[in-house]
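The values are calculated or read from the model by the stated rules, or taken from the named source; none is laboratory data. Keep in mind the model is a prediction, meaning the values are calculated, not measured. Virtual Cβ from ideal backbone geometry, glycine too; neighbours counted across all protein chains shown.
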Amino acid sequence: MANFEAYQEYQRIEDFEEDSPPGEEDLLVHVPEGLKGMRTHIHCHCIQECLTVSLNRSVHIYHFHQKNGFACMMLSEFFELVQFLFVVTFTTFLFNCVDYDVLFANRALNHTGPSQNPLERNKVTLPDAILPSQQCTRRIQENSWIIFLLIMAAIFWLYRLIKVFCNVLSYWEIRQFYIKALKIRMDELCNFTWQEVQGRLINLQREQQMCIHKKELTELDIYHRILRFKNYMVAMINKSLLPVQLQLPLLGDVVFLTQGLKYNFELILFWGPGSLFQNKWNLHPKYKRAGNRLELAQQLSRIILLMGMANLLLCPFILVWQVLYAFFSYTEVIRREPGSLGARRWSLYGRLYLRHFNELDHELHGRLSRGYKPVSKYMNSFMSPLLTVLAKNVAFFSGSLLAVLITLTVYDEDVLTVQHILTAITVLGVIITVTRSFIPDEHMVWCPEQLLQYVLAHIHYMPDHWKGNANKSETRDQMAQLFQYKAVFILEELISPIVTPFILIFLLRNKSLEIVDFFRNFTVEVVGVGDICSFAQMDIRRHGNPQWMSEGQTEASVYQQAENGKTELSLMHFTIKNPHWQPPQESSLFISHLKEKVQQDAAAGPSTQLLLSEAPLCTSLLSNESGTGPDNLLASVLAHPMLTASGLQGHNGRFVPASSAASAAASVLASLSGSQLACRPRSHTLLPSSQPESSIYCSERTVVDSMSASDVQLRSETRSTLQSELASAEMSLHAIYMHEVHQQCSHPQRPSGAWQAPVPMRELSSNTAALRQRPHAGTAPASTLLPLGGWTEEDEDEEEEEVNSRMTPHPDMMSNR
């Protein structure tokens, strides 16, 4: 393992017993002379209170901002209590206080009375189906299982009530901290971004010296406090340490990670009884020494066994709750929108696999949300022709029956009184909705490789073997593990109480020694922060991968390397999101090396002006309907290799030489970097800051200024929103570029991004100008210009000879090359 002598403030872990980060046991409050006048607003006790909040509750400060303040958080906590109480009470009522024989008319009911209308004597009302309170109470008391479940529910509810009360006190202190220390009123909190709140925290440390051992509180320190345990989870998923990938008969490779299983992992490792961490800051001292690793592994194995047995005993109760909660939550949604079960969502495993080190929740959510449409289009491009034929016919027959029933109902509403007629209408509607999801859009043309590249631009991580295999079902199945159906998510959560105990007992226990070694080898102590995962330092020297542009800069062994370029990509992401952060020397060298490589590749790549001129066409080819400037530029970079390999004429009438996605991305990145150097000379800067003289707004029609198709929209956006979109686009370009370079290093015999054979394409020179004026003309023009695979038009075979004849280049055109 590489040592840490180069980092003076990053030390090997030592034994600490206190509940605060090391070095802050006898923390003093220092008030500079210039700030003594503030004591009329913030007296000493309040400063100490703010100090405690800011140093020890960074996670709560972040959540306080993300959940929109004290009122929203407390209202959510209150309704969680009410919701649990309602589910338990209403379920008990349905099982013990309703006479279903009367409700279903299985028993005749005769109302008698002098004022009763004879025609309504047999009519059943809702109160008739509800048992009297005495009879209802007697039925509950006679059922010992109901009594036991109610007692268990009451204990859990009281526990939640105490926890909510403690949260009220905690969040009230944070509210005071926001108002008095950060000078942010609650009615203005929603107008502040987290970056602005984080900036005020850093300024407060600079003014008040909250942490006496560090003059400056860096962005990375704040991220480490907020993401301490999540960084460990990301690292363990990256190193395949947690047993979430299962081999099942008939099903093959299956990824299983639910909220319940993740909760148990965190309970065992971080904050439960007998966990590896003795408090929120420090790993237990015994896990920091290698001498008793076998004994500690046996002890951890026993804890996991006990936790698995506890899950097994509580399985019936948790399962009942899961079923009830799912029933009350999703039944109405399924009835109203049956197709919602066919919608997709990012799986919990996907969120951990795709997450960067030191990536906050809102940053991850925004990145995956931008990738939702591209990955949905990619997944929908896989359609079974046999299933499509069956779905069309089933939809036809079901639609015919439904049309007759609806017509009869419109003609005479008494048809609704026929038994089960409403049930038949509902079932037929659900069948039609489900079958239509298997029928592809006949007007869409898909190119799986380019779509997968577009997905990569947003999710930033992709296994190497996906490259060149985007059209294979194996790639789609592996993508489905990251991007699962909502119905699969609901099913996994329902069976989680049954599966979780067996995963803990039979799989996690076997990894006890590996877990102990992992926490000992990959835990470091940071002054003023506590114990953190060493991967979260984004140290290229210790955790870099030579195949990810860190060759010659890393000393990491295979065991110490992060997989899939996680260290390098996380460093780039954090640097772009925090442009004022000063990285350590090794990280700065890596960034400088990357910029030099970008400049070299940009010299052989297409010009930025050419890419911008192709933006409307490329947007149409990739079916990108967002229309934002950064997205259009991204589409140009991804589709440019496809267009040049197809013999596309440029806007000047000359053929454009074939190029790769790496050179196209490098050209744009070099343009951004070159314009930034004149505005803000920082060696590692990759994204313009919030300063007005940032390169995004300066000089000769730079990248953003050249996107004429979205000028109006860009002007209407706020500066912070625009900067966020541009930062995301820049990181997407870096992800594409770094993956392409990695592919070139892994497969030097076949340059990544270069197409193997020209794709037949018609002459586009006469249509390019029209497409520039209509950047959202739809996908139909693209389908007639370039067959990209997938669903093709019926008349393409008839025109193939004409297309191929047009592809023969004229001698004059060849001379222009």
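Hey, can you tell me all the residues within segment 231-282 that are among the hydroxyl-bearing types (S, T, Y), free of Cβ contacts under 8 Å to residues at least 60 places away in the same chain and part of a helix (DSSP H, G or I)? Scanning segment 231-282 gives a single hit, Y263.
Answer yes or no: is there a residue in segment 422-436 that is assigned to a loop (DSSP other than H, G, I, E, B) and surrounded by 12 or more Cβ atoms within 10 Å (Cβ to Cβ). Let's see the steps before the verdict.
Step one: list which residues in segment 422-436 are assigned to a loop (DSSP other than H, G, I, E, B), which gives none.
No, the conditions are met nowhere in segment 422-436.
From the list E493, E563, E568, which one is modelled with pLDDT of 90 or more, touching a helix residue (DSSP H, G or I) at 6+ places or on another chain (Cβ under 7 Å) and under 30 Å from L324 (Cα atoms)?
Details: E563 fails: under 30 Å from L324 (Cα atoms); E568 fails: under 30 Å from L324 (Cα atoms).
Just a single option satisfies the conditions, and that option is E493.
Could you list, in sequence order, the residues of segment 357-402 that are closer than 19 Å to E474 by Cα and charged (D, E, K, R)? Within segment 357-402, just K377 meets the criteria.
So which residues in segment 214-234 are touching a Leu at 6+ places or on another chain (Cβ under 9 Å) and more than 17 Å from D361 (Cβ to Cβ)?
So in segment 214-234, the residues touching a Leu at 6+ places or on another chain (Cβ under 9 Å) come out as 217, 222-223, 225-227, 229-230, 232-234.
Answer for segment 214-234, where residues must be touching a Leu at 6+ places or on another chain (Cβ under 9 Å) and more than 17 Å from D361 (Cβ to Cβ): just L217.
For segment 295-349, residues that are within 26 Å of the chain's Cα centre (by Cα) and among the charged types (D, E, K, R) total 3. When restricted to residues that are of a type outside the set (D, E) and closer than 19 Å to F270 by Cα, segment 520-568 contains 13. Kindly indicate whether E596 is assigned by TED's automatic domain parsing to the domain that holds S732, outside any loop (DSSP other than H, G, I, E, B) and out of contact with any helix residue (DSSP H, G or I) (no Cβ under 8 Å at 6 or more places or on another chain). The answer is yes for E596.
For segment 283-310: of the residues being without any contact (Cβ under 8 Å) to a residue 60 or more places away in the chain and of a type in the set (D, E, K, R), which is farthest from F522 (Cα to Cα)? In this case the residue turns out to be R302. For segment 453-466, the condition of being more than 22 Å from C745 (Cα to Cα) and without any contact (Cβ under 8 Å) to a residue 12 or more places away in the chain holds for none of the residues.
Residues in segment 465-486 that are more than 12 Å from M379 (Cβ to Cβ) and exposed (fewer than 15 other Cβ atoms within 10 Å of the Cβ) were compared, and the one that is farthest from the chain's Cα centre (by Cα) is K472.
When segment 377-395 is limited to residues that are in contact (Cβ under 8 Å) with a residue 40 or more places away in the chain and of a type in the set (V, I, T), the one that is surrounded by the most Cβ atoms within 10 Å (Cβ to Cβ) turns out to be V394. Flag not set for L182, criterion: over 19 Å from R225 (Cβ atoms) and either in the same structural domain as M74 (by TED's automatic domain parsing) or crowded, with 19+ Cβ neighbours inside 10 Å (or both).
Here is the figure for segment 364-416: residues that are under 20 Å from the mean Cα position of the chain (by Cα) and either assigned by TED's automatic domain parsing to the domain that holds L726 or of a type outside the set (G, A, S) (or both) total 13. For the residues R367, R345, R351, the requirement of being outside any helix (DSSP H, G or I) and either among the basic types (K, R) or farther than 30 Å from T567 by Cβ (or both) singles out R345. Of all the listed residues (V529, V516, V434), the sole one being over 24 Å from the mean Cα position of the chain (by Cα) and closer than 19 Å to H356 by Cβ is V529.
Inspect segment 219-228 for any residue being over 30 Å from V323 (Cα atoms), more than 31 Å from the chain's Cα centre (by Cα), buried (at least 21 other Cβ atoms within 10 Å of the Cβ) and in contact (Cβ under 8 Å) with a residue 40 or more places away in the chain and give the result as yes or no. Please lay out each step first, then the result.
At the first step, the residues of segment 219-228 found to be over 30 Å from V323 (Cα atoms) are 219-228.
In the following step, the residues that additionally are more than 31 Å from the chain's Cα centre (by Cα) were identified as none.
Within segment 219-228, not a single residue is over 30 Å from V323 (Cα atoms), more than 31 Å from the chain's Cα centre (by Cα), buried (at least 21 other Cβ atoms within 10 Å of the Cβ) and in contact (Cβ under 8 Å) with a residue 40 or more places away in the chain.
Filter segment 310-333 for residues that are among the β-branched types (V, I, T) and loosely packed, with under 15 Cβ neighbours inside 10 Å; which is farthest from V375 (Cα to Cα)? Working first, answer last.
First, pick out the residues of segment 310-333 that are among the β-branched types (V, I, T): 318, 320, 323, 331, 333.
Now drop any that are not loosely packed, with under 15 Cβ neighbours inside 10 Å, which leaves 320, 323, 331, 333.
On the way: V320: 34, V323: 30, T331: 27, V333: 24 Å.
So, considering only residues that are among the β-branched types (V, I, T) and loosely packed, with under 15 Cβ neighbours inside 10 Å, the one farthest from V375 (Cα to Cα) is V320.
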